[in-house]
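Asker: Below you will find the structure I want to go over with you.
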Amino acid sequence: MCGIVGYIGKEQAAPIILDGLARLEYRGYDSAGMAVFDGKAIRTQKSAGRLKVLENLTRGGEDMPGNAGIGHTRWATHGAPSDNNAHPHINGKGTIAVVHNGIIENYIPLKKKMEEKGYEFYSETDTEVLAHLLDYYYRGNPLEAIAKVLHRVEGSYALGILFADFPDEIYAARKDSPLIVGKNESGCFIASDVPAILKYTRTVYYMDNQEIAALRSDDLRFYSVDQEELKKEAVTIDWDADAAEKAGYEHFMLKEMYEQPRTISDTISPRLQNDEIVIEELKMTDEELLNIKKIHIVACGSAYHAGVTGKYVLEGLARIPVEVDVASEFRYRDPILEDGAMVIVISQSGETADTLAALRESKAKGFKVLAIVNVVGSSIAREADACLYTWAGPEIAVATTKAYSAQLAAMYLLAMKLGKVRGTIDAKRYRKLLADLKCIPDQIELLLGQKEKIQHFANRYLGARDIFFIGRGIDYAISLEGSLKLKEISYIHSEAYAAGELKHGTISLIEDQTLVVALSTQPELFKKTISNIVEVKARGAFVMAVTNEGNKEIEKASDYVVYIPETDPYFSNSLAIIPLQLFAYYIAVGRGCDVDKPRNLAKSVTVE
């Protein structure tokens, strides 16, 4: 959520900041602003609305000259979107400017104390208290002032700070909200995420909790919150820079859907050695794998849906009992973790606040945590005991597609590895699973080739008010993700239900011509799902079915059928989700929605 970009160096700061913020638009925001030191004073410009407004106000940054600056795109938490509430926030004298991601949980008592000391507040935000606190503690030493403020505040923060008295420096600080520092020959950068500065440098430093960075054009230093200097190792980002561009596609989401075959191959291939699954990142011996008695999967959103699929696959192939929790529920229900339990957390960004909290709680209770994460060096990746990277590359569209598919692939690998070690998969079954797994990328290519067919069907439902997704077993897990994709980007009300639950109330919502998307890829549940299709058809529903090739019987009960290639039933999610992604995409496009940046949503949810 929100985006921070800062620069100090030989180049003009404002154009670099605007360019970086544009590359962070996927994170979600409702206002934007910049502060730049122009040689005499700190100048600020900010506005509610899209980044284009700020670009126009500053003529692409030309009206804000200077070599040191900080910028921000804000998603409103405290105070409505407005010019006043937009960042940066400044002290009363205009000599300190600060941008902030996160939430200051104790800002109300802090604000009251600052008002008692004569400080006046002009915004409704929690962030403004930081600007006045910095002013209060500043005695000529920025590092000392920042450290004192950080000792006073509670909550989460990623900060970029300018001091007019130190025009050759910018400062950064971080706790629970992501922030990276970059360096090239011309200067230094701060940013919320790698894509913001990938155009300028591949050398980055990942800030840890309660660390402070002091940046000059030719120097970079890190300190603890107690002002002790720290040594940090740089990380070289090996992403293809073109991966963060649209490459001729109309939207990032469409591009990323077409990248799924490669994403799955990149996730699977390094872990296959002579037809054996080798996951060195697990850091567990076969004996330790045998001793796993239970698995808890914890995640949010689409990652949670990948975890629901993972439950079916892990229980089916490895015969280990699995619980799946939404991270925000897991962390507050005082979960019971038994001896021999392992916790798996799943997150695209590696910064998801609730998932990170669940990880920390699990580790505090003494349990091993495996992370399935896409972003190298992210908080979850660094804090987990082991990390299984998905290698999806940068995913820009808010609604995930390729990262979700990569998470599924990681779950398949893990389940097969555990099944092989535990002896719950015999050699013949293992070889068949491996063969089917290797075919998935090519099969997805075939499904993506049917986009015109899906687009034509989607155009019939641009005006739909309600769409329902149903399925049983893994098909229910697919339904959850298909429904989420649709509601995320098209704003059509959509719900997913276990098909067997329809008769327990949900079927009362079915009206004449209501679209029901029925998933039926599990052979042992096929006839049961046919019965559910007949039930909704009898109430007037129009049924779109997604099933395996050869299941022609479904055509008698359905109005429209999408066939997916044959694969092992445990892998069907990876194929069935493709037409559902395309369906959601083309409905959203047809309705004129902002596909890559749906309203009120953010790519990386770093606050509760």
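Asker: Kindly sort Trp75, Trp391 by accessible area of their heavy atoms, largest first, with the probe set to 1.4 Å.
Answerer: Trp391, Trp75
Asker: Now for a different question. Per residue, how large is the accessible surface of the range 416-523? Use a 1.4 angstrom probe and give square angstrom.
Answerer: Values: 4570 Å² over 108 residues.
Averaged over the residues of the range 416-523, the accessible area is 42 Å².
Asker: Shifting gears a bit: How much net charge surrounds Glu288 when only other residues with a Cβ under 13 Å from its Cβ are counted (Lys, Arg +1; Asp, Glu -1)? Present the calculation step by step, with values, prior to reporting the outcome.
Answerer: Numbers: positive: Lys283, Lys293, Lys368, Lys417, Arg422; negative: Asp286, Glu287, Asp385.
Result for the neighbourhood of Glu288: +2.
Asker: Roughly what % antiparallel, to the nearest 5, for the DSSP beta bridges in the chain?
Answerer: The antiparallel proportion sits near 60 percent.
Asker: Just to confirm the filter: which trypsin sites (Lys or Arg not before Pro) across the range 428-496 are DSSP coil and have at most 15 other Cβ within 10 angstrom of their Cβ? The partial results should precede the final answer.
Answerer: Values: sites: Lys428, Arg429, Arg431, Lys432, Lys438, Lys451, Lys453, Arg460, Arg465, Arg472, Lys485, Lys487; in loops: Arg465, Arg472.
Passing sites in the range 428-496 are Arg465.
Asker: To check my understanding: the extent here is largest minus smallest coordinate of the Cα atoms along each principal axis. What are those three numbers for the range 347-463, in Å, largest first?
Answerer: Its Cα atoms span 53, 42, 24 Å along the three principal axes.
Asker: Now for a separate question. If you line up the long axis of helix 427-448 against the longest principal axis of the chain, both from Cα atoms, how many degrees apart are they, to the nearest 10?
Answerer: Between helix and principal axis, roughly 70 degrees.
Asker: I've got another one for you. When Lys and Arg each count +1 and Asp and Glu each count -1, what net charge do the other residues less than 10 Å away from Ile467, Cβ to Cβ, add up to? Kindly include the intermediate steps, with their values, before the conclusion.
Answerer: Details: positive: Arg465, Lys487; negative: Asp466, Glu495.
Residues close to Ile467 contribute a combined charge of 0.
Asker: Please compute P(r) over all alpha-carbon pairs of the chain, binned at 10 Å starting from zero, and give each bin as a whole-number percent.
Answerer: The distribution over the chain is 3, 17, 25, 24, 17, 10, 3, 0, given as percents.
Asker: Based on alpha-carbon centroids, what's the gap between the range 407-472 and the range 76-112 in Å, whole number please?
Answerer: Going from one Cα centre to the other spans 45 Å.
Asker: Which percent of Cα-Cα pairs in the range 136-290 sits in each 5 Å bin, short to long?
Answerer: Histogramming the range 136-290 at 5 Å steps yields 2, 8, 13, 15, 13, 12, 11, 11, 8, 5, 2, 1, 0 percent.
Asker: If you roll a 1.4 Å probe over the chain with all protein chains in place, what percent of the accessible area is carbon or sulfur?
Answerer: About 47 percent, which is the carbon plus sulfur part of the accessible surface.
Asker: Against the longest alpha carbon principal axis of the chain, how many degrees, from 0 to 90 and to the nearest 10, is the axis of helix 353-364 turned?
Answerer: Value to nearest ten degrees: 90.
Asker: Against the empirical 2.2 N^0.38 Å scaling, what ratio does the C-alpha Rg of the range 25-168 come to?
Answerer: Cα Rg divided by the expected 2.2 N^0.38 Å: 1.00.
Asker: So, counting K/R as plus one and D/E as minus one, what does the shell of residues with Cβ under 14 Å around Ala68 add up to? Don't skip to the answer; put the middle values down first.
Answerer: Details: positive: Lys10, Lys40, Arg43, Arg216; negative: Glu11, Asp38, Asp165, Asp168, Glu169, Asp218, Asp219.
After counting each charged neighbour, the total is -3.
Asker: Further question on the same structure: So how do Glu566, Glu185 rank on accessible area, 1.4 Å probe, biggest first, that is with the largest at the start?
Answerer: Glu185, Glu566
Asker: Pairs of Cα atoms under 8 Å, at least six residues apart: use those to get the relative contact order of the chain, whole percent.
Answerer: Values: 1361 pairs, mean separation 74.6, N = 608.
Value for the chain: 12 percent.
Asker: Taking the Cα centre of the range 217-319 as origin, sum charge times position over the Cβ atoms of Lys and Arg (+1) and Asp and Glu (-1), and report the length of that vector in debye to the nearest 20.
Answerer: Values: 12 positive and 22 negative charges, 140 e Å.
In total the dipole reaches around 680 debye.
Asker: Specify the angular offset, from 0 to 90 degrees and rounded to the nearest 10, of the alpha carbon long axis of helix 13-22 from the longest principal axis of the alpha carbons in the chain.
Answerer: That helix lies at roughly 20 degrees to the long axis.
Asker: Positive end of the dipole of the range 145-297, charges at C-beta (+1 Lys, Arg; -1 Asp, Glu), about the Cα centre: which of Gln210, Ile237, Tyr249 has its Cα farthest in that direction?
Answerer: Gln210
Asker: Could you sort out which of Lys10/Lys111; Lys111/Lys175; Lys255/Lys420; Lys93/Lys148 sit more than 29 Å apart by Cα distance in this structure?
Answerer: Lys10/Lys111; Lys255/Lys420
Asker: Still on this structure, I have one more. Need the list of aspartates and glutamates near Lys438 for cross-linking: C-alpha distance under 19 angstrom, and skip anything on the same chain fewer than eight residues off.
Answerer: The qualifying aspartates and glutamates are Glu259, Asp266, Asp275, Glu276, Asp426, Glu549, Glu566, Asp568.
Asker: Here are some pairs, Lys402/Lys485; Lys487/Lys552; Lys293/Lys365; Lys183/Lys231; which of them have Cα atoms lying more than 18 Å apart in this structure?
Answerer: Lys487/Lys552
The values are calculated or read from the model by the stated rules, or taken from the named source; none is laboratory data. Every value quoted in this text rests on a predicted model; they were computed, and no experiment measured them. Note: ideal-geometry Cβ built from the backbone for every residue, glycine included; neighbour counts use all protein chains shown. To get the accessible areas, we keep the full protein, side chains included, count just its heavy atoms, and leave off ligands, DNA and RNA. Shrake-Rupley method; radii C 1.70, N 1.55, O 1.52, S 1.80 Å.
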